[in-house]
Amino acid sequence: MSANILPGTDGSAPATVIPPRAASLDLPALREDLILLPAGDNRDGSPAWMIQDPVANRFYRIGWLEFEMLARWQTSADLLLDQVHAETPLAPDESSLQALLAFLQQNFLVRTDSPAASARLAEISARQRRRDLRWLVHHYLFIRIPLLRPERFLAATLPRIEFVFSRTFAILVLSMTVAGLWLAFRQWDSFISSIHESFTPAGVVAYLTALCAAKLLHELGHAYTATRYGVRVAHMGVSLVVLFPLLYTDTSESWKLTDRRQRLAIVAAGMLTEIAVAGIATLAWSLVDDGPLRSALFFLATTSWVLSLGVNASPFMRFDGYFLLSDMLDLPNLHARSSALARAFLRRHLLGWREAAAESLPPRLAGFLVAFALVTWAYRLMVFLAIALLVYLFFFKLLGIVLFAVEIVWFIVLPVWSEIKVWWARRNDIPVSRRRLAWGLLALLVLLSAIPLPHGIEAPAWIRAEKTLALYSPYPARILQVHPPGMVVAGDVLLALDSPDNRARGARAEAVTATLWSRLQRSNSSTEDAEQRALLSGLLRQEMAEASSARDEVDRLVLRAPFSGVLSDLDPLVQAGSWVSPQQQLGILFAPDQWIVEAFVDQRGRQYLKPGDSARVYPTGSLVPIKAQVIGIDSARTLRLPDPMLDAAHGGTILVSTVGGRAEVQRSLYRVRLRLEEPPPSPRTQLASAVIRAAPHMLTAGWLQGLASLLVRESGF
């Protein structure tokens, strides 16, 4: 919901051509269907009114001066000004009447029964027909489709849900929300794991379903609150913003309300509804058992929290947060007015113009609005770039390119270009010192982009000892002896294990060997034939090999240190008498004197690296770097991570996806091995961040190369 402000009444500058003299004006008749409504006072305490255009369903805010002139509109221009001077303490001049007339004509609030007015309308219609492309672009970017006229339904069902507006219900929901958040925090690991498990086709469908449910409740919150305060909800429907569907509720008639708190309640009702749903769903998720119901509650809770706090509460787009801030500050058209103040601020401080502020406001409020406009511009730039990228990716390539260009040009290029045209038209007003400074900065930027400059390539990494040995049992066995963690010497027994099956196999083989040897000795002194002795000899050799194999397997169960180092990361379950499996890591042996780092850089950064380059390594949680040197660069991309700790799902920063049942790195990353010049402060395997000093190169060369790669990659249709 929004209201337009008469230019000049509440701070916005007139944007129409003013006729030469007010006294020579013919005042056209006002439309009979216009409705004049009282509005809340302006910030300075002066009275204000609203003009309602029932045909366009729009509202225009006017001040005291405009009201007094409209009250005497049926007279001539000269008489109107004289009457306002004589009958009120106001002193309008000719330009005030000209601005009001231009405003009324521009918004079609006057009758068009004269030949001149009809000719003007015909000219506007012809001009709009010549702008078919602009119309098409606007309706691609924003389309509103009314679906329901819910006025009767809302009025009939409001008494049944009146309890949700009571203080008791609010306290109950608040208590449930706090309890739900506390219980969810206690199960935070389970909550986070539910997020990772939801990135499946079924999870996406569930999220979309929860999104529709949350948005429907959001819009019903607006509609019921408006109905409760006597505001007619004209219609509800779907608006397509860059072809993305969003539900909407038409509560524009809330501008009829003179109580600002009631308007705030209508605006906030949607977010409060979603927060209540999120709080109740979070509590229910914490209480129910695993299953489809718990998954549905998780989707509903997370979707409502994100939409309420992350999207709707933002004042930088025209969502609920914007209208809340606008009403709280009592500044309708907040974006337009803050942008006008910011443009004047930039013109004064960047170009040195003596630019008057768009409106007179207290210094602190004006400063806040300038800062708000600058943040809004930056926020919208990121949002529009993201939307343009999504539009490009979601459609086939040719249409995606066209829609991407429309998005970029309409929302980013045109607003910037309109301001640049003003700067260029008034370039002679810029002081010479500012022009010299601007040309100097431009020359410096060109120089910096053309000179090869050293730079650092930052990459995720992990630190590990160069000599590392993970201890595993060769097969299922029972622990006999465990070396305590700490320093060990080469040859020390780290773990002694026992396998009863293997010992039994060895004992059986030795017993059979002894029996066969005895029989073979007796056969030498008997008259048995040579064939029988050959058979006994073969069986004897077989059993001797079996006994030797069993002894070797017994020796393998004694894990000795192949080098001197530190025994660490022993499994707490590894104790004398416990059984272990071959897949269970029992501990780690590493040499603490030499450490290496494995960093992962993208393809663009890899081309600037070579063995011998210096680097700085920052262990996680430390601001003190450790010097290192590149000792090797892989020529093939890394498909699988060497350690799970690098995975984003386990605390790292590298995204991994499952392809064909195997976890593979999503981006094209190449492993770069570095040797630390000194051991890390904490001698253990840990995550780190590496900054490698690459060969100098021109910034423009990198940009052009990246642009060329992008064009080559995306040029295929």
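Within the set of pairs 6+ apart or on separate chains, which have a first residue in region 471-489 that is polar (S, T, N, Q), a second that is surrounded by fewer than 13 Cβ atoms within 10 Å (Cβ to Cβ), and C-beta atoms under 9 Å apart?
Sorted first by the residue in region 471-489, then by its partner, the pairs are S473/S581; S473/P582; Q481/A576.
Pull out all pairs, ordered by first then second residue, where Cβ-Cβ is under 8 Å, the residues are six or more apart or on different chains, the first lies in region 258-283 and is free of Cβ contacts under 8 Å to residues at least 40 places away in the same chain, and the second is not acidic (D, E).
Cβ pairs passing all conditions: Q262/Y229; Q262/S254.
Tally time: how many residues in region 669-701 are more than 30 Å from P485 (Cα to Cα) and assigned to a loop (DSSP other than H, G, I, E, B)?
Of the residues in region 669-701, 1 are more than 30 Å from P485 (Cα to Cα) and assigned to a loop (DSSP other than H, G, I, E, B).
With (1) under 24 Å from A694 (Cβ atoms); (2) within 30 Å of the chain's Cα centre (by Cα) as the list, and S635 as the residue in question, which single condition is left unmet?
(2)
Just to check your reading of the model, which residue among V178, V164 is surrounded by 14 or more Cβ atoms within 10 Å (Cβ to Cβ), modelled with pLDDT of 90 or more, of a type in the set (V, I, T) and more than 30 Å from V402 (Cβ to Cβ)?
Numbers: V178 fails: surrounded by 14 or more Cβ atoms within 10 Å (Cβ to Cβ).
On inspection, the qualifying residue turns out to be V164.
Condition first: among the hydrophobic types (A, V, I, L, M, F, W, C) and loosely packed, with under 14 Cβ neighbours inside 10 Å. Can you find one or more residues in region 609-620 that meet it?
Looking through region 609-620, none of the residues is among the hydrophobic types (A, V, I, L, M, F, W, C) and loosely packed, with under 14 Cβ neighbours inside 10 Å.
Name the pairs whose Cβ atoms lie under 9 Å apart, with the first residue in region 555-567 and over 16 Å from P484 (Cβ atoms) and surrounded by 17 or more Cβ atoms within 10 Å (Cβ to Cβ), the second acidic (D, E) and at pLDDT 90 or above, and 6 or more positions between them or separate chains?
Sorted first by the residue in region 555-567, then by its partner, the list stays empty.
N502 fails exactly one of the following numbered conditions: (1) of a type in the set (S, T, N, Q); (2) surrounded by 15 or more Cβ atoms within 10 Å (Cβ to Cβ); (3) closer than 30 Å to L669 by Cα. What is the number of that condition?
With respect to (1) of a type in the set (S, T, N, Q); (2) surrounded by 15 or more Cβ atoms within 10 Å (Cβ to Cβ); (3) closer than 30 Å to L669 by Cα, N502 is out only on (3).
For every residue, the table says whether it meets (1) in contact with a helix residue (DSSP H, G or I) (Cβ under 9 Å, 6 or more places away or on another chain); (2) buried (at least 16 other Cβ atoms within 10 Å of the Cβ); (3) modelled with pLDDT of 85 or more.
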| residue | (1), (2), (3) |
| --- | --- |
| G538 | no, no, no |
| M544 | yes, yes, no |
| S548 | yes, no, no |
| P582 | no, no, yes |
| G587 | no, yes, yes |
| F590 | no, yes, yes |
| D602 | no, no, yes |
| I626 | no, yes, yes |
| G632 | no, no, yes |
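Pick out the one residue from A530, A561 that is farther than 27 Å from P500 by Cβ and assigned by TED's automatic domain parsing to the domain that holds N502. Walk me through it before giving the result.
Numbers: A561 fails: farther than 27 Å from P500 by Cβ.
Of A530, A561, the one residue that is farther than 27 Å from P500 by Cβ and assigned by TED's automatic domain parsing to the domain that holds N502 is A530.
Contact list please: Cβ distance under 9 Å, first residue in region 52-64 and within 12 Å of P332 (Cβ to Cβ) and assigned by TED's automatic domain parsing to the domain that holds N42, second residue β-branched (V, I, T) and modelled with pLDDT of 85 or more, pairs at least six apart or on different chains.
Sorted first by the residue in region 52-64, then by its partner, the pairs are F59/I51; Y60/I51; R61/I51; I62/I51.
Can you go through L183, L220 and tell me which one is at pLDDT 85 or above, closer than 30 Å to A648 by Cα and in contact with a helix residue (DSSP H, G or I) (Cβ under 8 Å, 6 or more places away or on another chain)?
L183
Determine whether T376 is farther than 25 Å from F411 by Cα and under 25 Å from the mean Cα position of the chain (by Cα).
Values: farther than 25 Å from F411 by Cα: no; under 25 Å from the mean Cα position of the chain (by Cα): yes.
For T376, the condition - farther than 25 Å from F411 by Cα and under 25 Å from the mean Cα position of the chain (by Cα) - is not met.
For region 628-667, name all the residues that are in contact with a Lys or Arg (Cβ under 6 Å, 6 or more places away or on another chain) and part of a loop (DSSP other than H, G, I, E, B).
D634, T638
Would region 655-667 turn up any residue that is hydroxyl-bearing (S, T, Y) and surrounded by 12 or more Cβ atoms within 10 Å (Cβ to Cβ)?
Among the residues of region 655-667, not one is hydroxyl-bearing (S, T, Y) and surrounded by 12 or more Cβ atoms within 10 Å (Cβ to Cβ), which makes the answer no.
Across region 343-365, what is the total count of residues that are part of a helix (DSSP H, G or I) and not charged (D, E, K, R)?
Matching residues across region 343-365 total 7.
One line per residue, one yes/no per condition, for (1) surrounded by 16 or more Cβ atoms within 10 Å (Cβ to Cβ); (2) closer than 25 Å to D113 by Cβ; (3) out of contact with any Phe, Trp or Tyr (no Cβ under 8 Å at 6 or more places or on another chain); (4) at pLDDT 85 or above:
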| position | (1), (2), (3), (4) |
| --- | --- |
| A22 | yes, yes, yes, no |
| D41 | no, no, yes, no |
| I51 | yes, yes, no, yes |
| W64 | yes, no, yes, yes |
| L81 | yes, yes, yes, yes |
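Can you tell me how many residues in region 353-378 are closer than 19 Å to V416 by Cα and either among the aliphatic types (A, V, I, L, M) or modelled with pLDDT under 90 (or both)?
Residues of region 353-378 that are closer than 19 Å to V416 by Cα, as a first pass: 353, 355, 358, 370-378.
With either among the aliphatic types (A, V, I, L, M) or modelled with pLDDT under 90 (or both) added as a condition, the list becomes 353, 355, 358, 370-371, 373-375, 378.
Number satisfying all stated conditions: 9.
Please work out which one of (1) modelled with pLDDT under 85; (2) among the small types (G, A, S); (3) crowded, with 16+ Cβ neighbours inside 10 Å is the condition A99 fails and give its number.
(1)
With the requirement that a residue be of a type in the set (A, V, I, L, M) and surrounded by 16 or more Cβ atoms within 10 Å (Cβ to Cβ), what does region 337-356 give you?
A340, L341, A342, A344, L346, L351
Report yes if V241 is under 22 Å from the mean Cα position of the chain (by Cα), modelled with pLDDT under 75 and over 16 Å from F298 (Cβ atoms), otherwise no.
Judged against the criteria, V241 is a match.
Could you please give the count of residues in region 36-89 that are among the β-branched types (V, I, T), more than 26 Å from S360 (Cβ to Cβ) and not in a loop (DSSP other than H, G, I, E, B)?
Residues flagged as among the β-branched types (V, I, T), more than 26 Å from S360 (Cβ to Cβ) and not in a loop (DSSP other than H, G, I, E, B) within region 36-89 amount to 0.
Restricting to region 244-263, what's the tally of residues that are in contact with a strand residue (DSSP E or B) (Cβ under 8 Å, 6 or more places away or on another chain) and under 30 Å from L403 (Cα atoms)?
Of the residues in that region, 6 qualify.
The values are calculated or read from the model by the stated rules, or taken from the named source; none is laboratory data. Note that this is a predicted model, so its numbers are computed, not measured. Neighbour counts are summed over all protein chains in view; Cβ atoms, including those assigned to glycine, are modelled from backbone coordinates with ideal geometry.
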